[in-house]
Amino acid sequence: MKLLWFIPTHGDSRYLGSATGARAASFDYFRQVAVAADSLGYEGVLIPTGRSCEDPWIVAASLIEVTRRLKFLVALRPGLVTPSLAARMTATFDRLSGGRLLINLVTGGDATELAGDGQFLDHAARYEQSKEFMTIWREVLTRSHDGEGFDYDGRHLQVKDARLLYPGPQRPYPPLFFGGSSEAAHELAAQQFDTYLSWGEPPAAVAEKIADVKRRAAKHGRTLSYGIRLHVIVRETEDEAWRAASELLSHLDEATVAAAQARFSQMDSVGQRRMAELNKGKFNRANVREGLEIAPNLWAGVGLVRGGAGTALVGSAQQVAERIHEYAALGIDHFILSGYPHLEEAHRVAELLFPLLPVAQPKADARPVLSGPFGEIVANGIVPPGQHKPALKEAAS
């Protein structure tokens, strides 16, 4: 099971839909979250894309040097960059990071945002463009290992003798991730990608999406892996977790919810529409669980105001682990998680959930240390009982 975390390049907070408790989207903060994810043993981090975020490629590049094992799931946006340039960016980043790049294709679903970037294709045409983009990108990277050029004459994109002189270490190219809920998205995933990602819908709905993508991939003689994007509110007890969910919305008002839902309704993203249908704009400050717990421990409250992934697993560590195992039973092995605020929750999720999940942990530092995984020294000289503690005799005082 591969667990990834999230770099909040659109900002972070203790409360949704409010400036109260907000944190600046600064390099220092991104670095803190990345270092935490790296040292805690997360497989990698997703870096979001869009005009509400800092540029994902620059952010990811800035974090190479401060991390050791962490992989970076970085977005490519067809139409905003040419596929040949994207291939060079990919190879360069992959070399400089020592093979730690993962690629996430994002077609976009917000017409207003796309227009601001000079993109005016409708939903169907964007997927045509994305298919052509990925065809060129893949061929340029694949042929770079033999020094060959590539010609392509498509409806939206054309290249002549496109070539890459400095191939990256991951051959023929870094792993490819893609998410989308429309038929066009499922078909594109089946044809060209390695891992299909779903947002956190109830298990039955996710199972239907996976079955459809599997069926389409089989027609192309391909097999994919699967992943899911979820927020997590995990505590030692269920009551604590639901109190934390309530606290997350405690500064939210109905006007903000209505404005956000109106904005989401203007988007042509099928996935965003499905997220909105899960919460239906319901907001009851007195009982945030009512009407928003759409499956056991699956809460749609985040999607009241947050675009994209709008559901969270809420519960005790045991409950959340059980829900993750249910998704894993559907064939999912990549879990891209996040929580507010992202620095503290990266630690909380690792401490509470990792011991209950089949997650590969980084090897502990073998050097003798006086503070570490065993906690704080008791009464100036007693090491508390626990696993992986170094040999340490009671200190003389």
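What follows draws every value from the coordinates through simple rules; no lab data is involved. Just so it is clear, the model here is predicted, and its values are computed rather than measured. Cβ atoms come from the backbone with ideal geometry, glycine included; neighbour counts cover every protein chain shown.
Can you run phi through the Karplus equation (6.51, -1.76, 1.60; θ = phi - 60°) for region 164-180 and list ³J(HN,Hα) in whole Hz, with x for Gly and Pro?
Along region 164-180, the couplings run 10, 8, 10, x, x, x, 8, 10, x, 6, x, x, 10, 10, 7, x, x Hz.
For Val81 and Asp146, what does the FRET efficiency come to when R0 = 25 Å and r is the distance between their Cβ atoms, rounded to the nearest 0.05?
Values: r = 24 Å, r/R0 = 0.97.
According to the calculation, E is roughly 0.55.
Quick query: amide H of Trp199 versus all other amide H atoms, modeled in the peptide plane; which residues come in under 5 Å with a sequence gap of 5 or more or a different chain?
So Trp199 has HN proximity to Arg229.
Average projected area of the Cα convex hull of region 1-116, in nm²?
On the way: hull surface 32.8 nm².
Mean projected area of the Cα convex hull: 8.2 nm².
May I ask which of Lys131/Lys214; Lys209/Lys280; Lys131/Lys219; Lys71/Lys280; Lys160/Lys214 have a Cα-Cα span longer than 26 Å here? Could the numbers behind the result be given before it?
Working: Lys131/Lys214 18 Å; Lys209/Lys280 21 Å; Lys131/Lys219 17 Å; Lys71/Lys280 35 Å; Lys160/Lys214 34 Å.
With Cα atoms farther than 26 Å apart: Lys71/Lys280; Lys160/Lys214.
Simple spin-label model, 7 Å along Cα-to-Cβ: Leu357 to Gln191 in nm?
3.3 nm
Do any GluC sites (Glu not before Pro) in region 230-263 lie in a loop, going by DSSP, with at most 11 other beta-carbon atoms within 10 Å of their beta carbon, and if so which? Before the final figure, lay out each step's value.
Working: sites: Glu236, Glu238, Glu240, Glu247, Glu254; in loops: Glu236.
Answer by residue number: there is no such site.
Which residue, Leu248, Ala379, Ala86, has the largest displacement toward the positive end of the dipole of the chain when charges sit on each Cβ (Lys, Arg +1; Asp, Glu -1)?
Ala86
I need the phi-derived Karplus couplings for region 135-148: 6.51 cos²θ - 1.76 cosθ + 1.60, θ = phi - 60°, integer Hz, Gly and Pro marked x.
4, 5, 4, 5, 5, 4, 5, 5, 6, 4, 6, 10, x, 8
FRET efficiency for Arg263 and Ala204, Cβ-Cβ distance as r, R0 = 41 Å, nearest 0.05? Let's see the in-between values first.
On the way: r = 28 Å, r/R0 = 0.69.
With a Förster radius of 41 Å, E is 0.90.
Could you order the peptides 141-152, 222-233 from most to least packed, using the average number of other C-beta atoms within 10 Å per residue? Provide the component values of the computation, followed by the final result.
Numbers: 141-152: 15.9, 222-233: 21.1.
Ranked by mean Cβ neighbours within 10 Å, highest first: 222-233, 141-152.
³J(HN,Hα) across region 233-246 via Karplus (A = 6.51, B = -1.76, C = 1.60, θ = phi - 60°), whole Hz, x for Gly/Pro?
For region 233-246, the Karplus-derived couplings read 10, 10, 9, 6, 10, 5, 4, 4, 5, 6, 5, 5, 5, 5 Hz, x marking Gly and Pro.
List every residue whose amide H lies under 5 Å from the amide H of Asn104, counting only residues 5 or more places away in sequence or on a different chain, with H placed 1.01 Å from N in the peptide plane.
Val74, Ala75, Leu76, Phe177
Which order do the peptides 11-24, 193-206, 84-97 take when ranked by the mean count of other beta-carbon atoms within 10 Å per residue, highest first?
Details: 11-24: 15.6, 193-206: 21.4, 84-97: 19.5.
Peptide ranking by packing, descending: 193-206, 84-97, 11-24.
Determine one quarter of the surface area of the Cα convex hull of the chain, which equals its mean projected area, and express it in nm² to one decimal. All intermediate terms of the calculation are to be shown ahead of the outcome.
Working: hull surface 85.4 nm².
Spelled out: convex hull of the Cα atoms, projected over all directions, averaged, 21.4 nm².
Would region 273-336 count as rounded, prolate or oblate if I go by the C-alpha gyration tensor, calling it rounded below 1.5 in a/c and otherwise prolate when a/b exceeds b/c, oblate otherwise?
Numbers: a/c = 2.48, a/b = 1.51, b/c = 1.65.
Oblate, since a/c reaches 1.5 and b/c is not below a/b.
Roughly how big is the chain's charge dipole about its Cα centre, with Cβ charges of +1 (Lys, Arg) and -1 (Asp, Glu), in debye to the nearest 20?
Values: 43 positive and 46 negative charges, 129 e Å.
Dipole magnitude for the chain comes out near 620 debye.
Could you check the spin-label model distance between Lys282 and His123? Points 7 Å from the Cα along Cα→Cβ, value in nm.
2.5 nm
Using a 7 Å offset from the Cα along the Cα-to-Cβ direction at both Asp28 and Val66, what is the distance between the two label points in nm, to one decimal?
1.0 nm
Would you mind putting 276-285, 41-50 in packing order, based on average other-beta-carbon counts within 10 Å, highest first?
Details: 276-285: 16.6, 41-50: 22.8.
So the peptides 276-285, 41-50, ranked by packing, come out 41-50, 276-285.
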